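Participant: What follows is a single structure, and I will ask about it in a moment.
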Amino acid sequence: MTSTSSSDRIEIDVEINGRRRAVVVNARDTLADHLRNDQKLTGTKLGCEQGVCGACTILMDGAAVRSCLTLAAQGDGRSIRTVEDLSEGSSLSPLQEAFKKHHALQCGFCTAGFLMSATELLESNPSPTRDEVVEALSGNFCRCTGYQTIVAAVLDASEQIGNANG
Amino acid sequence: MDNPHFNSPPITRNMIGKRVPRSEDAKLLTGRGRYLNDIDVEGQLHACFVRSPAAHGRILKIDTSVASALPGVHLIWTSADIESQCAGMEAQFSADGCLPMTMPLLAKDVVRYVGEPVVLVVADSRAVAEDACDLIGLDLEDLEAVLDPRASIQGGPVANGERPDNVGIRGHASFGDVDEAFNNAAHVVSALYHPGRVAAAPMETRGCLADYDWAQDRLKLWVSAQMPHYVKLCLNLYLGFDESRCEVISPDTGGGFGQKAHVFPEEMLMPLASKHLRSPIKWVEDRRENLLAGSHAHEQFVTIEYAANADGRITGVRTHALVDGGAYHMPPQTMAVESWCTAAVTPTGVYDIPATEYVYEAAVTNKCPMGAYRGVGYMAGTLARECLMDDLGRKLNMSPFDIRRLNVVPEFPWTNPQGIVFDEGSWLETINVLEEMVDYPAFLKRQAEARKAGKYLGLGISVFVESSGESTGMLKAHGMHEIYHDTATVKMDSSGSVTVTSGLNSQGQGHETTLAQVAADVLGVSFESIVVDAGTSTKGAYGSGTVGSRAGVIASGCVNRAAYAIREKLVAVAANMLESSEDDIVLENGMASVAGAPESQVSIADVAMAIYWDESLWPVGFEPEMEFTKAWDTSRPMFSNGGHAMIVELDPATGFVNVEQVFSVEDCGVMINPTIVEGQIRGGVVQGIGLGLFEQLVYDKDGNLSTTSFLDYQTPTMDVSPPFEIRHLETPSKISASGVKGMGESGLIAAPAAVLNAVNDALAPFGSVLYELPATPEKMMRAMQGLVDLEGPEPWSKLWERAGVEPRESGSMETA
């Protein structure tokens, strides 16, 4: 067993938003640190760094994970998606459009986490019920909206995506 | 005094009132927002603090030798290193009886609450700075921790030597014949309410980034703040920087709710350290620091007492408000505002009560300082007023609607006992609409059936009136001499597009959208042609702060005046171009036309082009400025009103209270954007549900905060947040731009009272009444067994003695 010190660096091979690259990360850094500080993907936010608030949620191999509780080194061999990857070209995705339409964000700080959790939900369950939306998103905190409009946005997005897919 | 900047030029509404989607959203939805911690300056270092581990202690020794030797550490400061540069931040509230206190930037000699900054470390990274903090030795000698405000307000062990009597404010006033009301009352009801200690807990914690450029003697300070211009003033007042050499920048901000309306020691230390090290320095706190030291809020002990005649008409109200103020006045808010506002501003609310008497106090304790959080003073005051109203209704066997209808102010203008004039409102209608929305007879039937099945439903209502937005007029009405100062700058380019700069920045309220709606209507141009810069830099227009439900009203008032000045230019040149009278020029849909002759028209863009580039089209003596900065303020207070009703279900097996549905009525005059208004209502109400059912900062017997993560400090999540039904009433203000009123705080102001009233309605079969929030499952389980921890109110004789008032018969004895 080897020990690590605070200055250790580790090389990993990771795919981020469709681009595969070899990067060297600090052994002590979280995945959120790496995304924000090294990759400059600052759309992923840190709200508590304790794994509770969900603001830092990203997708790792399609599963929603807390990037504040995941070490950067754990990204090795994985495929990661962040909020920066959701929009298509210069237009918002149906989920993002629904958030805008329903006023499902105010300050926007928690929004990336909600979008990623909702993306995981809709990719695994394209037509969720209200209860399923609430179950999937109750690990994400929002202090501005009171949540009702977020529920409405996700349900609306699922309908829009369903219609588009015929 | 009727100053020109109190005027509001009339606006023809087109975009105002529309549910315009927010122009902010695209960047925020795609991860392209730029919040404080998303901004980096080349070469920046990172700061971290050693914070006090004790509630109260004398500093014997601070050993920084090991930490100093850690590679990557560049600066370690204790109080001794900075006291010659800044002796601390003094704050005082201007109500009678408030005494000043000074908050040091770093604790000097004594620590006074757990979490107080003691040592500043600056290093290459936050991680190294944290490592260094762990290596610093802090020897403390324990001093007695003063933790009970009801004891400390009476003297005894001292929490902060600057206030040896532990009093942050103490005052008394009486209006109308209160003694007569109580001596002749048929009924007297009283209770002591205790809303718990909470935190605003914005999703983005506090932070700042200071970059001092020694070559130009210029300071840039990025800060997550609601009052950036005040921060800039403090750079001068406390640190001696010339304001002209400072720029305070407000990037996208992840919520504030009042917490970021303070100036914090950390924000003053970064500029000093940046100047010293000649490097940019960033400080971003973590959640634990935010809960320990980011300011606490709303905890008060409020005694309220009504005198009523035999019918239930209230004839007098007495209030005692005591805030658990923590160790310092948080500048500029102070601990004093909270209890003063509860006692002096809120007791009569929407009710026609002719006499009021009050005592307000703030107790200094060894806890995190009390600060601002949505509805300062209003929340606790509304809780006490509305919940005691239900007590009176229960006593007289009247419904919560009937007892309120009996007492509500019948007509306007109405002057309350303190002499505050309320110009207009829909106070009675609010009660009636709420009753209709909840379908009260149907609810009673459902509640009765549920009880038979062992289910406990409760209905609670709460109605409010709030000052909105906070203005010079409101301060003057309360006899205070301060004024607010707010401006907007509007500029039209030669091609007709428009830039608006407001001094009031946004923490998520959508100013970019709403102020563009207002400017579009004043100028008659499209919403899309307007770009709003809402307070992102102090280089732009001036602002006194996005606080007190004021930005919508005050910023739109400033934008209206500044845009109107450009409108007058457009009208003058258009009239000349169309050979018409200025009185006949209409600006709308991007065109200037002649009233009654719509074919006679010219585009506003062409008029702008003429003003910039074609002197031949000007009227005689025309001055071609197309950029105006204007102030706006109100000469008199303005009030919005409304109410909430909630249906809750109490689970008798677990004690858990679930909010099934919220019904909200809001009258904030003319709405600029109803979607944004509704967002403010839902967000505020859910914060009120948090305060009512879940959120509580808990100190242990030694003064350690036990709730330092979101696992312990539980803000509401989606699974406990109810659906809403919202109705709008519209009683326009006569003095604001287009009749708008502020409303940002109303949800949190009034929701906790509705929660407690609903909880008590659900508890009715158990014969218990709660007076304390949050109504946690533990408290509910005890209440269902008839066990309620009732704190008796202090007798008025004792309060009068403390406040230096001649004692007399209190008339408080139960006479019914």
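The values are calculated or read from the model by the stated rules, or taken from the named source; none is laboratory data. In this text, all values refer to a predicted model and were calculated from it rather than measured experimentally. With ideal geometry, Cβ positions are generated from the backbone for all residues, glycine too; neighbour counts draw on all protein chains shown. Remember, those area values only see protein heavy atoms, side chains included, never the ligands or the DNA or RNA. Shrake-Rupley method; radii C 1.70, N 1.55, O 1.52, S 1.80 Å.
Participant: What number of residues within the stretch A:1-42 satisfy the criterion of being farther than 23 Å from A:Asp85 by Cβ and assigned to a strand (DSSP E or B)?
Facilitator: Of all residues in the stretch A:1-42, those farther than 23 Å from A:Asp85 by Cβ come to A:1-11, A:26-28.
With the extra rule that they be assigned to a strand (DSSP E or B), the set shrinks to A:9-11, A:26.
Number satisfying all stated conditions: 4.
Participant: Then there's this: Go through (1) in a loop (DSSP other than H, G, I, E, B); (2) within 14 Å of chain A (Cβ to nearest Cβ); (3) in contact with a Lys or Arg (Cβ under 6 Å, 6 or more places away or on another chain) for B:Thr715 and report which single condition fails.
Facilitator: The one condition B:Thr715 does not meet is (3).
Participant: Further question: For B:Lys220, indicate whether it is basic (Lys, Arg), touching a helix residue (DSSP H, G or I) at 6+ places or on another chain (Cβ under 8 Å) and surrounded by 17 or more Cβ atoms within 10 Å (Cβ to Cβ).
Facilitator: Working: basic (Lys, Arg): yes; touching a helix residue (DSSP H, G or I) at 6+ places or on another chain (Cβ under 8 Å): no; surrounded by 17 or more Cβ atoms within 10 Å (Cβ to Cβ): yes.
Criteria not met by B:Lys220.
Participant: Could you tell me whether the stretch B:586-594 includes any residue that is more than 30 Å from B:His485 (Cβ to Cβ) and touching a Pro at 6+ places or on another chain (Cβ under 8 Å)?
Facilitator: Taking the stretch B:586-594 as the starting set, the residues that turn out to be more than 30 Å from B:His485 (Cβ to Cβ) are B:586, B:588-594.
In the following step, the residues that additionally are touching a Pro at 6+ places or on another chain (Cβ under 8 Å) were identified as none.
There is no residue in the stretch B:586-594 that is more than 30 Å from B:His485 (Cβ to Cβ) and touching a Pro at 6+ places or on another chain (Cβ under 8 Å).
Participant: Go through the stretch B:569-600 residue by residue and tally those that are without any contact (Cβ under 8 Å) to a residue 12 or more places away in the chain and surrounded by 13 or more Cβ atoms within 10 Å (Cβ to Cβ).
Facilitator: Of the residues in that region, 1 qualify.
Participant: Next up: Which ones in the stretch B:1-47 are of a type in the set (Lys, Arg) and within 14 Å of chain A (Cβ to nearest Cβ)?
Facilitator: To start, the set of residues in the stretch B:1-47 that are of a type in the set (Lys, Arg) comprises B:13, B:18-19, B:22, B:27, B:32, B:34.
Result: B:Lys18, B:Arg19, B:Arg22, B:Lys27, B:Arg32, B:Arg34.
Participant: Look through A:Arg36, A:Arg28 and report the one residue that is open to solvent by less than 60 Å² (accessible area, probe 1.4 Å), within 11 Å of chain B (Cβ to nearest Cβ) and out of contact with any Gly (no Cβ under 8 Å at 6 or more places or on another chain). Full working, then the answer.
Facilitator: Numbers: A:Arg28 fails: open to solvent by less than 60 Å² (accessible area, probe 1.4 Å).
The conditions single out A:Arg36.
Participant: Considering only the stretch B:642-697, state which residues are among the acidic types (Asp, Glu), open to solvent by 20 Å² or more (accessible area, probe 1.4 Å) and either outside any strand (DSSP E or B) or within 25 Å of B:Arg22 (Cα to Cα) (or both).
Facilitator: B:Asp651, B:Glu678
Participant: If only one of A:Gly47, A:Gly54 is at negative phi, of a type in the set (Gly, Ala, Ser) and in contact (Cβ under 8 Å) with a residue 12 or more places away in the chain, which one is it? Even if it seems obvious, please write down each step before you answer.
Facilitator: Working: A:Gly54 fails: at negative phi.
Exactly one residue qualifies, and that residue is A:Gly47.
Participant: Also: Look at the stretch A:52-61 and say how many of its residues are within 7 Å of another protein chain (Cβ to nearest Cβ) and open to solvent by 10 Å² or more (accessible area, probe 1.4 Å).
Facilitator: The initial filter retains those residues of the stretch A:52-61 that are within 7 Å of another protein chain (Cβ to nearest Cβ), namely A:52-53, A:55.
Now drop any that are not open to solvent by 10 Å² or more (accessible area, probe 1.4 Å), which leaves A:52.
Here the count works out to 1.
Participant: Separate question: Count, please, the residues in the stretch B:232-274 that happen to be over 27 Å from B:Gly683 (Cα atoms), touching a residue at least 12 places away in the same chain (Cβ under 8 Å) and of a type in the set (A, V, I, L, M).
Facilitator: So the answer is 8.
Participant: Of the numbered conditions (1) in a helix (DSSP H, G or I); (2) open to solvent by 20 Å² or more (accessible area, probe 1.4 Å); (3) within 7 Å of chain B (Cβ to nearest Cβ), A:Glu49 fails exactly one; give the number of that condition.
Facilitator: Here A:Glu49 meets the rest and fails (1).
Participant: Got at least one residue in the stretch B:594-607 being at pLDDT 95 or above, away from chain A (no Cβ under 14 Å) and in a loop (DSSP other than H, G, I, E, B)?
Facilitator: Scanning the stretch B:594-607, I find at least one residue that is at pLDDT 95 or above, away from chain A (no Cβ under 14 Å) and in a loop (DSSP other than H, G, I, E, B), so the answer is yes.
One line per residue, one yes/no per condition, for (1) open to solvent by less than 10 Å² (accessible area, probe 1.4 Å); (2) touching a strand residue (DSSP E or B) at 6+ places or on another chain (Cβ under 6 Å); (3) farther than 30 Å from B:Val594 by Cβ:
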position: B:Asp493; (1), (2), (3): no, no, no
position: B:Ser497; (1), (2), (3): no, no, no
position: B:Thr501; (1), (2), (3): no, yes, yes
position: B:Thr514; (1), (2), (3): no, no, yes
position: B:Gln517; (1), (2), (3): yes, no, no
position: B:Val532; (1), (2), (3): no, yes, yes
position: B:Ser537; (1), (2), (3): no, yes, yes
position: B:Tyr542; (1), (2), (3): no, yes, yes
position: B:Val547; (1), (2), (3): no, no, yes
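Participant: I'm checking my understanding of the structure. Among residues of the stretch A:1-36 that are of a type outside the set (A, V, I, L, M, F, W, C) and out of contact with any strand residue (DSSP E or B) (no Cβ under 9 Å at 6 or more places or on another chain), which one is nearest to A:Gly77 (Cα to Cα)? Write out each step before concluding.
Facilitator: Step one: list which residues in the stretch A:1-36 are of a type outside the set (A, V, I, L, M, F, W, C), which gives A:2-9, A:11, A:13, A:15, A:17-21, A:26, A:28-30, A:33-34, A:36.
Restricting the remaining residues to those that are out of contact with any strand residue (DSSP E or B) (no Cβ under 9 Å at 6 or more places or on another chain) gives A:2-3, A:5, A:19, A:36.
Details: A:Thr2: 21, A:Ser3: 22, A:Ser5: 23, A:Arg19: 12, A:Arg36: 19 Å.
Selected residue: A:Arg19.
Conditions (1) more than 22 Å from B:Gln333 (Cβ to Cβ); (2) assigned to a helix (DSSP H, G or I); (3) not aromatic (Phe, Trp, Tyr), marked per residue:
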site	(1), (2), (3)
B:Ser174	yes, no, yes
B:Ala181	yes, yes, yes
B:Ser190	yes, no, yes
B:Tyr212	yes, no, no
B:Ala215	yes, no, yes
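Participant: Just need a number here: residues in the stretch B:603-616 that are within 21 Å of B:Lys491 (Cβ to Cβ) and open to solvent by 20 Å² or more (accessible area, probe 1.4 Å). Can you show your working first?
Facilitator: To start, the set of residues in the stretch B:603-616 that are within 21 Å of B:Lys491 (Cβ to Cβ) comprises B:603-615.
Right, trim to open to solvent by 20 Å² or more (accessible area, probe 1.4 Å) and you get B:603, B:605-606, B:609, B:612-615.
So the answer is 8.
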